[in-house]
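J.: Dropping the structure in here first, questions after.
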There are 2 protein chains.
Amino acid sequence: MQNSVLEYIEKNRERHLEELKNIIKIPSISTQPDKKPAVLKAADFELAHFKAVGLENCQLLKTTGNPLVYGDWLHAADKPTILIYGHYDVQPPDPLDQWKSPPFEPTIRDGNLYARGATDDKGQYSTFLFAIEAWLKTAGKLPINIKIVLEGEEECGSTGIAKYVPEHADFFKCDAMMVADMPWLDENRPAISYSLKGLVYFEIAVKGSSHDLHSGLYGGMVTNPLQALSQILAKLKDNNGKILIPNFYDDVLPMTADEKKEIAGLDFDEKTTAKYLGVKELFSEKDFSPLEANWTRPTLDICGMWGGYTGVGSKTIIPAEAHAKVSIRLVPNQDPQKVQKSFGDYVRSLCPPGVSVAVDNHSGGWPVHIERDNAFLKAAASAYEKGFGKKLVFKREGASIPVVATFKSVLKVPMILVGLGLPDDGYHSPNEKINLSHFYGGIKGAALAFEALAETK
Amino acid sequence: MQNSVLEYIEKNRERHLEELKNIIKIPSISTQPDKKPAVLKAADFELAHFKAVGLENCQLLKTTGNPLVYGDWLHAADKPTILIYGHYDVQPPDPLDQWKSPPFEPTIRDGNLYARGATDDKGQYSTFLFAIEAWLKTAGKLPINIKIVLEGEEECGSTGIAKYVPEHADFFKCDAMMVADMPWLDENRPAISYSLKGLVYFEIAVKGSSHDLHSGLYGGMVTNPLQALSQILAKLKDNNGKILIPNFYDDVLPMTADEKKEIAGLDFDEKTTAKYLGVKELFSEKDFSPLEANWTRPTLDICGMWGGYTGVGSKTIIPAEAHAKVSIRLVPNQDPQKVQKSFGDYVRSLCPPGVSVAVDNHSGGWPVHIERDNAFLKAAASAYEKGFGKKLVFKREGASIPVVATFKSVLKVPMILVGLGLPDDGYHSPNEKINLSHFYGGIKGAALAFEALAETK
């Protein structure tokens, strides 16, 4: 390792932070069609950034959806090629009134940078770019070959990249893949993840009358769509937290005895977690601890629901329609298409008389399971331990990056899933943040990992 | 009957319609605090109208809420005194995008006047004022003594008048009471109602975490408030449409065999009703026809529900909160306070672990049952048959006017509940309307009823 690389990183802290703020200021919300211009602006911004750090072959790759930002540096003969992935799109910032500072005006408080995208994923993938910059501006070269691709649809199903990668498998050919879009286990334990969840997302619409009805004039005569939807949703899980979709658990890869032991050994602090979340108590599926449930069991959540009168005061109506959004996180080896079909069939089977129900599939992604006995993974883990100055653990994830499954099935290479976030970083929530020491440690970890991976075969 | 009264009504059709439009243009939505100025403007407008038609002693009566508009004419010695009631407040017009013409810009299409308040209740109570005007401007007197009072809180619980009337029982002393705030049975059958429902209205709030959570990072660890609320709401009714609140049906006055026969004889057209409502089919409580259920059985409806992300596209969160509004229509002899208590206890008992639930009572009103064997009722029925030129039927109501119960318990007089509306008039719905021939016939019916009631003792 050339010390000059780490010194460069140390010297450029302030500038790197300012550059991170600039990409964060762009509200690249991919799930909202009216934010399309901001999404495209973010792609252009990163294309310029790729060029500025010294990457070559920089270009926007056209997909069926938002463009991919691509760059590479391929002059380390006989050294491995690492493909780096990140996403420049973000979640919507709602509910806006809960933000202490505006979501797209990055603000520093208590050693954290607060903004939408701070940790998911702009603040994490940017560390790779700054590490590349540090190597190229000091050593004039990278110790490995690097390809880097950022997508703009991670928060809305990764449709474009999921089609692009299989059609351009050679273009992305590599020896291992790195992703930084994960949290540490807790504030003292950085982590590398070896399992990601798959995701399916549904919108359910129940329709009754052609217009809202007076609840007195027609009460008792018609099925209430909100009552019908509540009854459908109530039957998605039982009181033990078990999901009731027929055959849902058939393909679930069970937690091993070793994993169970390892999870127990992590001393996950339920009380601190409950306190941070602001809940009275944690609740998990019967026979599984909260951490076991989050990491090794599929989960189902109603993400949104609406219908009828939601303003101030009383309005006595039978609403014409009722709507809900539902996400299901899948574990290896559940098949998203199979779950989409059984969910739709099940929901339709629950529809009471007098109303109709429609189920719309928003997106689907496979879960990922990574073999831990791999030299690239071990080399990266050691490098990040040095970068952060803390001992690292291996963990599973409750969250999903569906496109990682696509890459894995197409490229068939080891995946290195590192994380710079913290569980309380507010992913998808108001007041999202990244700890600045994680950001700076992440740049160093990446720079060190490039060198460590160079020696791996 | 002086023919001049009916001639006057005929001659002044256009002007009466214009005057009705003027009161309708005021958006006196009592459930929305920001519409308070419009509510007060409507009260002032009607005070001026009372004076203009020739009523005396006109004044705004101060209540704990919105003012009552009062006027009288008490110079018919030895004749009965009739108290007339109506309400100058209206329901919110949401959902606004479903209106064909703006809700507060009264518009005539196909012989109907479309606007919020057209039938509920501005277009109905105004017929009494125009009938009073016709008598006083032609005969120079009324055949009976009249007291008339309009309230401004009917759509938000009638709190002010419910306190005012018992405290001023002598002031409202009368021999019978008239209300026009009801629909006909169908377009060929005007109706007088002998039973009104009571009403209780609740807002339920389920709270989980202190902020929305990422459904991947915390899925499987916490109770989802929307799932919890759905499970609570699903347990309010069974699949047969029976309400599951403990002891809920204990005080229900059963439908008599005569009523059952009478209802069957009305040949209620389920298919036409289903078509008008735009539903696939009607659905009613097991063992009760739709009309029986609406008229003689208590009904429960979720009027609104919301929580989490309700925008376009996907957002993968576990929402911090979930909310619902629920109305229950009570039949004689159910006690609203008793139902409020048992509903709250039941909902709290259904709360799953990991979240908390709060139940807020919005308002409560008693049901009303009126003896049909009464001379005032019969005299008014004959007069309105002449006014409309159609045979009239007696019916129950699925809807509520809680303050009628207050008047009944305080004044202990016969109640005459006439209706000018039609079931498809869009009460509380978009595109509310009143048929102009009902409006004009209602003015004549009222004028004729004043004379008929003069001969009743």
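The values are calculated or read from the model by the stated rules, or taken from the named source; none is laboratory data. Computed from a predicted model, the values in this text were never measured in an experiment. Heads up, the Cβs are rebuilt from the backbone with ideal geometry, glycines too, and the neighbour counts pull from every protein chain shown.
The rows are residues; the columns are (1) in contact with a Gly (Cβ under 8 Å, 6 or more places away or on another chain); (2) more than 8 Å from chain B (Cβ to nearest Cβ); (3) touching a residue at least 40 places away in the same chain (Cβ under 8 Å); (4) over 30 Å from residue B:301 (Cβ atoms).
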residue	(1), (2), (3), (4)
A:176	no, yes, yes, yes
A:183	yes, no, yes, yes
A:189	no, yes, yes, yes
A:225	yes, yes, yes, no
A:239	no, no, no, no
A:248	no, yes, yes, yes
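J.: Here's a follow-up. Being in the same structural domain as residue B:252 (by TED's automatic domain parsing) and in a helix (DSSP H, G or I) is the requirement here; does residue B:360 meet it?
T.: Taking the combined requirement at face value, the residue does not satisfy it.
J.: Is it true that residue B:233 is more than 7 Å from chain A (Cβ to nearest Cβ) and not small (Gly, Ala, Ser)?
T.: Details: more than 7 Å from chain A (Cβ to nearest Cβ): no; not small (Gly, Ala, Ser): yes.
Here the answer is no, as residue B:233 does not meet what is asked.
J.: Looking only at the range A:61-82, decide whether some residue is in contact with a Cys (Cβ under 7 Å, 6 or more places away or on another chain) and aliphatic (A, V, I, L, M).
T.: Within the range A:61-82, one or more residues are in contact with a Cys (Cβ under 7 Å, 6 or more places away or on another chain) and aliphatic (A, V, I, L, M).
J.: Here's another thing I want to ask about it. Collect the residues in the range A:250-265 that are surrounded by 12 or more Cβ atoms within 10 Å (Cβ to Cβ) and either farther than 21 Å from residue A:194 by Cα or away from chain B (no Cβ under 14 Å) (or both), keeping them in residue-number order.
T.: Scanning the range A:250-265 gives A:251, A:253, A:259, A:260, A:262, A:264.
J.: Output the number of residues of the range A:47-66 satisfying the condition of being buried (at least 21 other Cβ atoms within 10 Å of the Cβ), touching a strand residue (DSSP E or B) at 6+ places or on another chain (Cβ under 6 Å) and either more than 16 Å from residue A:23 (Cα to Cα) or among the aliphatic types (A, V, I, L, M) (or both).
T.: 1
J.: I would also like to ask the following. Within the range A:341-376, which residues are away from every other protein chain (no Cβ under 14 Å), under 23 Å from the mean Cα position of the chain (by Cα) and either over 30 Å from residue A:144 (Cβ atoms) or at pLDDT 95 or above (or both)?
T.: Across the range A:341-376, the qualifying residues are A:343, A:376.
J.: Test residue B:446 against the criterion of being surrounded by 24 or more Cβ atoms within 10 Å (Cβ to Cβ), among the aliphatic types (A, V, I, L, M) and touching a strand residue (DSSP E or B) at 6+ places or on another chain (Cβ under 9 Å), and give yes or no.
T.: Considered against the rule, which asks whether it is surrounded by 24 or more Cβ atoms within 10 Å (Cβ to Cβ), among the aliphatic types (A, V, I, L, M) and touching a strand residue (DSSP E or B) at 6+ places or on another chain (Cβ under 9 Å), residue B:446 comes out as yes.
J.: Can I ask one more? I need the full set of residues from the range B:286-306 which are of a type in the set (Gly, Ala, Ser) and either surrounded by fewer than 22 Cβ atoms within 10 Å (Cβ to Cβ) or more than 20 Å from residue A:209 (Cα to Cα) (or both), in order please.
T.: B:289, the sole residue that qualifies.
J.: Mind telling me which of the residues B:147, B:163, B:173 ends up being over 22 Å from the mean Cα position of the chain (by Cα) and among the charged types (D, E, K, R)?
T.: From the options B:147, B:163, B:173, the qualifying one is B:173.
J.: Would you be able to say whether some residue in the range B:346-356 is surrounded by 22 or more Cβ atoms within 10 Å (Cβ to Cβ), free of Cβ contacts under 8 Å to residues at least 60 places away in the same chain and over 30 Å from residue B:452 (Cα atoms)?
T.: Looking through the range B:346-356, none of the residues is surrounded by 22 or more Cβ atoms within 10 Å (Cβ to Cβ), free of Cβ contacts under 8 Å to residues at least 60 places away in the same chain and over 30 Å from residue B:452 (Cα atoms).
J.: Right, something else. Out of B:39, B:69, report the one residue that is within 14 Å of chain A (Cβ to nearest Cβ) and crowded, with 23+ Cβ neighbours inside 10 Å.
T.: From the options B:39, B:69, the qualifying one is B:39.
J.: Regarding residue B:78, is this residue at positive phi and over 22 Å from the mean Cα position of the chain (by Cα)?
T.: Answer is yes for this residue.
J.: Right, something else. Could you tell me which residue of the range A:316-333 is nearest to the other protein chains (Cβ to nearest Cβ), considering only residues that are in a loop (DSSP other than H, G, I, E, B), touching a His at 6+ places or on another chain (Cβ under 7 Å) and crowded, with 21+ Cβ neighbours inside 10 Å?
T.: Ranking the qualifying residues of the range A:316-333, first place goes to A:316.
J.: Evaluate the following for residue B:418: is it more than 24 Å from residue B:294 (Cβ to Cβ) and at pLDDT 95 or above?
T.: No, not satisfied.
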